[in-house]
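> Here's a structure for you.
The values are calculated or read from the model by the stated rules, or taken from the named source; none is laboratory data. Remember, it's a predicted structure, so these values are computed and weren't measured experimentally. FYI the Cβ positions are ideal-geometry reconstructions off the backbone, even for glycines, and counts take in every protein chain you see. When the accessible area is computed, the model is the full protein with side chains, heavy atoms only, and any ligands, DNA or RNA have been set aside. Shrake-Rupley method; radii C 1.70, N 1.55, O 1.52, S 1.80 Å.
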Amino acid sequence: MTDQHPALVLRGLAKRFDQKVAVNGVDLDVPAGSFYGLLGPNGAGKTTTLSMAVGLLRPDHGQAWVLGQDVWGDPVRAKALLGVMPDGVRLFDRLSGAELLAYHGLLRGMDPAVVDRRAAELLDVLALTDAGRTLVVDYSAGMKKKIGLACALLHGPRLLVLDEPFEAVDPVSAALIRDILHRYVVGGGTVVFSSHVMEVVERLCSHVAILADGVIKRVGTLDQVRGDRSLEQVFVEVVGGRTATGEELAWLSN
């Protein structure tokens, strides 16, 4: 296992919930050292795809590899290489931020002294030190995103997979998270994150994949995907968006 492998490889990932096909054969190659944006409208299958990619949800079909390690064939080795911040998965929120980080570190078998040192640094950098003994359940939305990121970074993974890391985050927290992720990639890490916010993706990402109806519709470097247009224009065209005609909602102008 080295960074000569792609950071993440997905082949034929598929998942059905009852009669609903959520993901329908997703193939994806994420180069090591890239900042990769997975774009899609609500319900496109982003969360399901990422959950299968990191071992949180077993696919009906398909495989996933993290830096050459089979996520479902050898989950312990694969998960040691990645940090995950799921969207909507409840944290152990009856703990303080420091306690939550200690819990995550010890679950991973890290040395307690290393956990304490890294946790203190993460809390400081993420402006969470002042939260003190405040329980995570009482954190703001932005603070919860930051402590989730801290948990994902604690063991020094080479791949971060983040589901909607900027959702419901205030501008100050969002700027801090962007800065940390940028420094992480510059230092040799790889970030994959889902979003439907075009501006964030265009600002941060080197590569983009557009997912709609459980299928990858466009994929490539940012410049390859958007060409000479804005990413938003391409996105709306690909996912089948529409605008109101002059006759529709005319009553709003009365």
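> Considering only the stretch 193-214, state which residues are modelled with pLDDT under 90 and within 13 Å of Val234 (Cβ to Cβ).
Within the stretch 193-214, Met198 is the sole residue that qualifies.
> Could you pull out every one of the helices (runs of 4 or more DSSP H) wholly within the stretch 175-254 that has 1 or more residues that are within 19 Å of Leu162 (Cα to Cα)? Walk me through how you get there before you give the answer.
Details: elements: 198-204, 222-226, 231-239.
Correct list: 198-204, 222-226.
One line per residue, one yes/no per condition, for (1) within 15 Å of the chain's Cα centre (by Cα); (2) outside any loop (DSSP other than H, G, I, E, B); (3) in contact (Cβ under 8 Å) with a residue 60 or more places away in the chain:
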{"site": "Arg11", "(1), (2), (3)": "no, yes, no"}
{"site": "Ala22", "(1), (2), (3)": "no, yes, yes"}
{"site": "Gly25", "(1), (2), (3)": "no, yes, yes"}
{"site": "Leu28", "(1), (2), (3)": "yes, yes, yes"}
{"site": "Leu38", "(1), (2), (3)": "yes, yes, yes"}
{"site": "Trp65", "(1), (2), (3)": "no, yes, yes"}
{"site": "Val76", "(1), (2), (3)": "no, yes, no"}
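> Is it fair to say Gly142 is open to solvent by less than 40 Å² (accessible area, probe 1.4 Å) and either closer than 30 Å to Glu199 by Cβ or part of a strand (DSSP E or B) (or both)?
Working: open to solvent by less than 40 Å² (accessible area, probe 1.4 Å): yes; either closer than 30 Å to Glu199 by Cβ or part of a strand (DSSP E or B) (or both): yes.
Spelling it out, Gly142 is indeed open to solvent by less than 40 Å² (accessible area, probe 1.4 Å) and either closer than 30 Å to Glu199 by Cβ or part of a strand (DSSP E or B) (or both).
> While we're here: Condition test on Ser206, is it surrounded by fewer than 19 Cβ atoms within 10 Å (Cβ to Cβ), among the polar types (S, T, N, Q) and out of contact with any Lys or Arg (no Cβ under 7 Å at 6 or more places or on another chain)? Steps first, answer last, please.
On the way: surrounded by fewer than 19 Cβ atoms within 10 Å (Cβ to Cβ): yes; among the polar types (S, T, N, Q): yes; out of contact with any Lys or Arg (no Cβ under 7 Å at 6 or more places or on another chain): yes.
So Ser206 passes the test.
> Additional query: Within the stretch 179-197, which residues are surrounded by 14 or more Cβ atoms within 10 Å (Cβ to Cβ) and either without any contact (Cβ under 8 Å) to a residue 60 or more places away in the chain or of a type outside the set (A, V, I, L, M, F, W, C) (or both)? Even if it seems obvious, please write down each step before you answer.
If we filter the stretch 179-197 for residues that are surrounded by 14 or more Cβ atoms within 10 Å (Cβ to Cβ), which is where we start, we get 180-182, 184-185, 189-197.
Within the stretch 179-197, Ile180, His182, Tyr184, Gly189, Thr190, Ser194, Ser195, His196, Val197 meet the criteria.
> For the stretch 154-173, name all the residues that are under 23 Å from Leu231 (Cα atoms), hydrophobic (A, V, I, L, M, F, W, C) and open to solvent by 10 Å² or more (accessible area, probe 1.4 Å).
Phe166, Ala168, Val169
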